[in-house]
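The block underneath contains the structure these notes are about, expressed in structure tokens.
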Amino acid sequence: MLNQLRVRRVSPKVVPLGDIQVTNGFGAASAPGYGIGKNGGTDNGRNKPSDLSIVPTGAKRAEMFRNIERAPEIILLYEEAEIEEKGFKGRAARFVMESGMLFVNMLYPSIGEMRALLESEYADASEPETMRMLVKQHAERTIILRVGRTVVYALAKQLNKEWDQKALETASSPESLSMAADDFTDTLQNVRRDIGRKLRVNRVVVGIPAATHPTPAANAVGEAQ
């Protein structure tokens, strides 16, 4: 996603204040080179480029940039004491932009809600332990991906002039990440498909008779309500 969105880290800029001290050298991305001098001999004073990722020419790929934004380092927290220590108890995650660390609360209610829903739908599975393991993996992975994607889209706004630093912090705040984690219903279809394929069993639609087949419009209205 970072490559697709061309997300690049905002590099420090030179401030034209104060003294600037320089020393003799070949400069960044260059090394001693040899050329033809005015008198036909070699010219040792010329330099040649040594690092094309610093001074690229022509077409450039996102992967070539030295300052490409790195993917957040995801740290999963399962202990309530650790979650409280990081200061996001009751939230799904906390992203520290300076260090690029994404702490995820694995005790967040959305994970438990998703697990409970899926376990009730596949309660008739012939291998209950396998079913519960699959459900746990999918529930945790879904929430991690949802908060992670939200962070990536927040980072993508760094080069947008209309978004200041405060707006970026709001977009990646624990509250924003929590709302992204809460809205997991649109991922259930793919999760159910994978679980059903691995367990070779159909899910039980809780609260809806087997003979009833609601229309997509009715489903949408029901979800909104």
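The values are calculated or read from the model by the stated rules, or taken from the named source; none is laboratory data. Small disclaimer: the values here were computed from a predicted structure and weren't measured. Because the Cβ atoms are built from the backbone with ideal geometry, glycine has one as well, and the counts that use them run over all protein chains shown.
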Note: among E73, E63, E69, just one is under 24 Å from T150 (Cα atoms), at pLDDT 70 or above and not hydroxyl-bearing (S, T, Y), namely E73
What are the pairs with Cβ atoms under 6 angstrom where one residue, in region 178-200, is under 24 Å from T150 (Cβ atoms) and the other, located anywhere, is at pLDDT 90 or above and hydrophobic (A, V, I, L, M, F, W, C)? Sequence gap at least six, or different chains. S178/A92; A180/V147; A181/A92; A181/I143; A181/V147; F184/M114
Residues located in region 98-112, provided they are surrounded by 16 or more Cβ atoms within 10 Å (Cβ to Cβ) and over 14 Å from S178 (Cα atoms): none
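Can you find even one residue in region 162-177 that is polar (S, T, N, Q), within 26 Å of N202 (Cα to Cα) and surrounded by 15 or more Cβ atoms within 10 Å (Cβ to Cβ)?
Step one: list which residues in region 162-177 are polar (S, T, N, Q), which gives 165, 170, 172-173, 176.
Still in the list and also within 26 Å of N202 (Cα to Cα): none.
No, region 162-177 contains no residue that is polar (S, T, N, Q), within 26 Å of N202 (Cα to Cα) and surrounded by 15 or more Cβ atoms within 10 Å (Cβ to Cβ).
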Residue in region 82-94 that is modelled with pLDDT of 75 or more, more than 18 Å from S178 (Cα to Cα) and not charged (D, E, K, R) present: no
Filtering region 121-135 down to residues that are over 16 Å from Q189 (Cα atoms) and surrounded by 15 or more Cβ atoms within 10 Å (Cβ to Cβ) yields A125, M131, R132
